[in-house]
Structure formats: structure tokens, C-alpha cells
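A.B. asks: Sharing a structure, written as C-alpha cells. Questions coming.
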Amino acid sequence: MNKTAFRGLFLLILAGACLLRFPGLSLRPMHHDEANQAVKFGMLLEKGEYQYDKKDHHGPALYYLTLPLARALSKSTLASLDEATLRLVPAIFGLGIILLLLLFAQGMSRPAVLAAGLFAALSPAFSYYSRFYIQETLFVFFVLGLLGTLGRYLFRPSAGWAAAAGFFAGMAFATKETSVIIFATSAGALVLAGLIRKKDSGTPIASLKIHRGHVFLALGVAVFTAVLFFSSFFKNPKGILDSLLAFQAYFGKSGEPGFHAHPFSYYLGLLTLSKSGGLVWSEALVLALAVCGIFASLKNRNPFPLFISGYALFTAAIFSAIPYKTPWNLLPFHLGFVILAGIGTAFIFQSLRKNFKKALAGLLLAGGIFHLGWQSYRANFRYFADPRNPYVYAQTSTDYPKLIRRVEEIAALHPDGRRLLVKVVCDAYETWPLPWSLRRYERVGYWQDWRAAGAFDGVPLIIASLDQADRIQPLVQDKYQSEYYGLRPDVLLAVFVRQDLWDRFLKRE
């Protein structure tokens, strides 16, 4: 394949990826994790201040990388932000994941790079979480950058590639604490590739000879990059130590997963086949081609595919062994499978000698690719909040925006407008995403227990979780009209509207 054809096809893949990532970014109600990140970012946007929280929120990279885009779009306060602005950040990095595959052009054939780019563009998992304002897509971008620069270093050891690998490693650490797993599996994969290649010769590299100076350079760049972010650009030196102390909390969370406990087979089962309510989802095509890619790597003994094979298998095994699981945590190892699927696709077509066999394989592959694209469309634009979508996880219900609209309607009737008093009495888990949704209201109070919230008599609006609503109802009696809205599957919120405001609302209707 010549360069012109490669570039043209790669641009078409990018265009297809854009169609799945950028339109309708505000369609899906804000997930509680997204809302949490959004409010945290709003503090940085408004006050220019950020302090790393070792107990939650992951690393600071997401917030600081959102800042230039928000300012470019003239957003200066939390109230001015919207879902589309925030989700534009992971969408851009999701597109960047495909662009970074160009780093692999020296270790993979052009058809393999194109196939890997196509699978990354159409994968329902990758496209869905590229529209999610959490750390995962940015994390995968930096992990891919690390893998790509390490791969380049295998072929041509240089200070430049070592420094680039250090930068991506530092950014990965500044994004998510699970980066330590990536560092371990990448190192293990390098050793594995070196052992397999030990007796081989006559290829771009005969062994994995690494210069000591380059190692120190990479480590120095990685540490400096991480320190820069965790210290809030040297404004909060304590954040550096907290970034290490945080592992105590995360190890504890992994050992006591609670609601997030899932079996070893959870991730591979989700990717292989998921059926619910008449809907079927599968990325088995990618997994099957990835197996072919691993076979091709072992057969040809090429160093870079061997490295990716080791990385994908080691990372999948470790993430699957950790009891604490959420579906977006499959992305770091699924990334390896996507790359291997590209290698496997190229290997299959190279192995087929007769044209009719190639044509048949092409038809089967085209059908599988169409199916991936159709699933991505359904995941992002039809079933974006439907529990039957396997990538939907504790997602805010489509009923929830009706609650917020009701608040807007009542506020429009109140003389104080958005300055009306709203009391929210919810358990911690049921509070979010209310702080995001009510960000434009000036007098909103949050309590986890009805006794701490003070008097309710005369309060225009009260929002409560069901257990708290049962305690509040006898206090307000017939002075309030109550309604119920879905927050998440099997979770309801009660809304109490003062009777005079409710009567005015009915008259307006």
C-alpha cells in the first residue's frame, strides 16, 4: 500500500470516528461520576485553585487539560459550563487515540495500522467512553502514547524517544492511579519480547539493549511531569506526597469492592457477548482477530507485536483479577487487543494466496466492521442511558432531566427565581448529579440526614432520597405536593413543592 492510499484511508477512518464522538454530546444525562468531575473542575475554573484529593477523583490531568478548552469557549464559571463543553475533552482525546496509532507504523504494516485504527474508531467501548467526562479516555491516550514511544525506542533507541516515553508515563500517572499496573505490564512485556527474541537476528533489533542514560532521562521526565500536575504547578507541594499516599485508599477499595465486585470473567464476557432485553452486543470480532495477531507475533518473532501481545495479556489478566470492576476499566487492555486485531487482520490477508479467499475474507470482515459501527451508533445515540447497553453502568435515568425541568418551572414562578431556597436531603450516593444539575442555583443546601437540615416549613423546594422523604413527609403534611422521579435503576428521588407554588404551576398549565 502506497503512502497516498494509506493517508486517504486513514483520514476516512478519522472522519468516521468524529461522527461517533462529537455529535449530540449532551444527549445522555450526566452520570454521577461525570458530575463529580465537573464540579471539581468548576472550582479550578472559577478560582484557579486545585488541590489533589488522595481519597477520590483520581489524578489532576483531566481538570488541567479541560481548562484551555473551557477558556477558549469563553467559559469562566461552573454555572456557564455545559455537558457538551466538558465531554468535548474526552472526545478529542478519543480521536487522538486513533492518531497516535501512527506511532506504530514502523513496528506494524500500513494495513495493520489502518485496521487497528478502524477497530478503535468503531469499537462501542471506545466510542461510548470517548463521550464520558471521566479520566479513562485520557488515560488510554497516554497509555497508547507510552506504548508507541516504547515501540519506537525498540527500533531506534534515542534520547528523544526515551524522553517522550517518560512524558507519556508521567501523564498517565497524573491521570489515574492504575497507571502503576500499566508500568508493570509494559515492563513485563518488554522482558517477554526480549526473551523470545534473544536468539533471533537479522531484524531491526536483535536484543532489547537499553542505554542507562536513557532510562534516567525517561524517569526524570516522568517524575517532573507528574510532580508538575500533582503539585498544582508547584502551588501545592503536599499533593506530591498525597499522590503516593493515595494508593492506600485505592488498594483498600480494590479489596472491598462492594457494589462493584464482579468475577474474573466480567470484562471478557462483556466484550465477547452481552444479551439483555432483546439487544445483543459483541466485540468478539476484535477478540478473534487479536488471537490471530498474537499467533502472527509468535510466528514472525517481530519485537513490537510481541511486546503488544505481552502487554495486552498481562494487563487483561491483572485487571480481571482485581475484584473491583467498572466497564470502562477494560479500555487499557482492550487497547492492546485492538492493536493486535489490526496485526491479525493484516496477517490473515497476507496468508491467503487465492483471490476468491481474500474476497470472501473481505466480505466477512466488512460485515463484522458494519456490525461494530452499528453497535456504536446504537450505544451512543439510541441506548445511551439504557441498562441493556452493557457500557451503561449506574447511569443516570432519562427520567432525571424531568426532575430538573420541574425545578426550573417552579423557579420561574418564584419571585426569587434561581435564588429560591432548595433543600436537598439525600444519602451520599443519591446526591449526585444534583450539585451539577443545580449549579446555577444560588441557595441550595445539601444534607445527608433530615434532622441536620433544620426546619422545612416554608421552603419552596425539597429534594430527598426515599428513606429521607419518609421522615420529611409527616413534617410537611398537606402543605406540599410530592412527586417522584427516577435517578438511576431502582433509585427514586422525591420532590416536595410548596402548595402555593404548585397551585400557580397548575394554573399556568
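The values are calculated or read from the model by the stated rules, or taken from the named source; none is laboratory data. Source: prediction; values computed, not measured. Reconstructed Cβ throughout: ideal geometry from the backbone, glycine too, with neighbour counts over all protein chains shown.
A.B. asks: Is the range 86-107 home to any residue that is at pLDDT below 95, of a type outside the set (D, E) and either surrounded by 23 or more Cβ atoms within 10 Å (Cβ to Cβ) or farther than 30 Å from F304 by Cβ (or both)?
C.D. replies: Within the range 86-107, one or more residues are at pLDDT below 95, of a type outside the set (D, E) and either surrounded by 23 or more Cβ atoms within 10 Å (Cβ to Cβ) or farther than 30 Å from F304 by Cβ (or both).
Results for (1) among the acidic types (D, E); (2) modelled with pLDDT of 90 or more; (3) over 28 Å from A316 (Cα atoms); (4) in the same structural domain as L86 (by TED's automatic domain parsing), shown as yes or no for each residue.
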residue	(1), (2), (3), (4)
F139	no, yes, no, yes
Y153	no, no, no, yes
F167	no, yes, no, yes
K176	no, yes, no, yes
I182	no, yes, no, yes
T185	no, yes, no, yes
G202	no, no, yes, yes
I205	no, no, no, yes
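A.B. asks: Another question about this same structure. Can you tell me which of (1) β-branched (V, I, T); (2) surrounded by fewer than 24 Cβ atoms within 10 Å (Cβ to Cβ); (3) touching a Gly at 6+ places or on another chain (Cβ under 6 Å) is the one I134 doesn't meet?
C.D. replies: Answer for I134: the failing condition is (3).
A.B. asks: Collect the residues in the range 34-51 that are over 13 Å from L86 (Cα atoms), touching a residue at least 12 places away in the same chain (Cβ under 8 Å) and not aromatic (F, W, Y), keeping them in residue-number order.
C.D. replies: As a first pass, look at the range 34-51 and keep what is over 13 Å from L86 (Cα atoms): 43-44, 46-51.
After this cut, where a residue has to be touching a residue at least 12 places away in the same chain (Cβ under 8 Å) as well, the list is 43-44, 46, 49-51.
Those that are over 13 Å from L86 (Cα atoms), touching a residue at least 12 places away in the same chain (Cβ under 8 Å) and not aromatic (F, W, Y): M43, L44, E46, E49, Q51.
A.B. asks: Related question: Among the residues of the range 342-351, is there at least one that is part of a helix (DSSP H, G or I), closer than 30 Å to P23 by Cα and in contact with a helix residue (DSSP H, G or I) (Cβ under 9 Å, 6 or more places away or on another chain)? Please lay out each step first, then the result.
C.D. replies: Looking only at the range 342-351, we keep the residues that are part of a helix (DSSP H, G or I), and these are 342-351.
From the residues that got through so far, the ones that are closer than 30 Å to P23 by Cα too are 342, 345.
Retained after the next criterion (residues that are in contact with a helix residue (DSSP H, G or I) (Cβ under 9 Å, 6 or more places away or on another chain)): 342, 345.
Checked against the condition, which is being part of a helix (DSSP H, G or I), closer than 30 Å to P23 by Cα and in contact with a helix residue (DSSP H, G or I) (Cβ under 9 Å, 6 or more places away or on another chain), the range 342-351 yields at least one hit.
A.B. asks: Can you go through H32, H58 and tell me which one is farther than 18 Å from F229 by Cα and either at pLDDT below 95 or within 20 Å of the chain's Cα centre (by Cα) (or both)?
C.D. replies: Details: H58 fails: farther than 18 Å from F229 by Cα.
Just one listed residue meets the conditions, H32.
A.B. asks: Does the range 155-176 hold any residues that are of a type in the set (K, R) and closer than 30 Å to K55 by Cβ, and which are they?
C.D. replies: Matches in the range 155-176: K176 only.
A.B. asks: Is it true that some residue in the range 406-429 is crowded, with 17+ Cβ neighbours inside 10 Å and within 26 Å of the chain's Cα centre (by Cα)?
C.D. replies: Looking through the range 406-429, none of the residues is crowded, with 17+ Cβ neighbours inside 10 Å and within 26 Å of the chain's Cα centre (by Cα).
A.B. asks: Between residues in the range 344-357 that are assigned by TED's automatic domain parsing to the domain that holds S297 and residues that are surrounded by fewer than 19 Cβ atoms within 10 Å (Cβ to Cβ) and of a type in the set (K, R), which pairs lie under 8 Å by C-beta distance while being six or more apart or on different chains?
C.D. replies: F349/K358; L352/K358
A.B. asks: Can you go through A379, A321, A312 and tell me which one is exposed (fewer than 15 other Cβ atoms within 10 Å of the Cβ) and either in contact (Cβ under 8 Å) with a residue 12 or more places away in the chain or in contact with a strand residue (DSSP E or B) (Cβ under 8 Å, 6 or more places away or on another chain) (or both)?
C.D. replies: A321
A.B. asks: Suppose we keep only residues that are hydroxyl-bearing (S, T, Y), in contact (Cβ under 8 Å) with a residue 24 or more places away in the chain and surrounded by fewer than 22 Cβ atoms within 10 Å (Cβ to Cβ) within the range 53-85. Which one would you say is farthest from P401 (Cα to Cα)?
C.D. replies: Going through the range 53-85, the residues hydroxyl-bearing (S, T, Y) turn out to be 63-64, 66, 74, 76-77, 80, 85.
Adding the requirement that they be in contact (Cβ under 8 Å) with a residue 24 or more places away in the chain leaves 63-64, 66, 76-77.
Filter once more, so that each one left must be surrounded by fewer than 22 Cβ atoms within 10 Å (Cβ to Cβ): 64, 76-77.
Values: Y64: 28, S76: 24, T77: 22 Å.
Per the criteria, the residue is Y64.
A.B. asks: While we're looking at this one, here's another question. If I ask for residues that are in a helix (DSSP H, G or I) and among the small types (G, A, S), which ones from the range 150-172 would you list? Give the derivation first.
C.D. replies: Taking the range 150-172 and keeping what is in a helix (DSSP H, G or I), we get 150-155, 159-172.
Those that are in a helix (DSSP H, G or I) and among the small types (G, A, S): G151, A159, G160, A162, A163, A164, A165, G166, A169, G170, A172.
A.B. asks: Out of the strands (runs of 3 or more DSSP E) lying entirely within the range 384-495, which hold 1 or more residues that are touching a residue at least 12 places away in the same chain (Cβ under 8 Å), outside the structural domain of P124 (by TED's automatic domain parsing) and under 22 Å from T326 (Cβ atoms)? Let's see the steps before the verdict.
C.D. replies: On the way: elements: 422-425, 444-447, 461-465, 480-488.
Once the strands (runs of 3 or more DSSP E) in the range 384-495 are filtered for at least 1 residues that are touching a residue at least 12 places away in the same chain (Cβ under 8 Å), outside the structural domain of P124 (by TED's automatic domain parsing) and under 22 Å from T326 (Cβ atoms), what remains is 480-488.
A.B. asks: Working only within the range 102-135, note down all residues that are more than 20 Å from L19 (Cα to Cα) and not β-branched (V, I, T).
C.D. replies: Within the range 102-135, L102, L103, F104, A105, Q106, G107, M108, S109, R110, P111, A112, Q135 qualify.
A.B. asks: Among the candidates R28, R7, R71, which residue alone is in the same structural domain as L335 (by TED's automatic domain parsing), of a type outside the set (S, T, N, Q) and farther than 30 Å from Y441 by Cα? Give the steps one after another, and end with the answer.
C.D. replies: Working: R28 fails: farther than 30 Å from Y441 by Cα; R71 fails: farther than 30 Å from Y441 by Cα.
Among R28, R7, R71, only R7 is in the same structural domain as L335 (by TED's automatic domain parsing), of a type outside the set (S, T, N, Q) and farther than 30 Å from Y441 by Cα.
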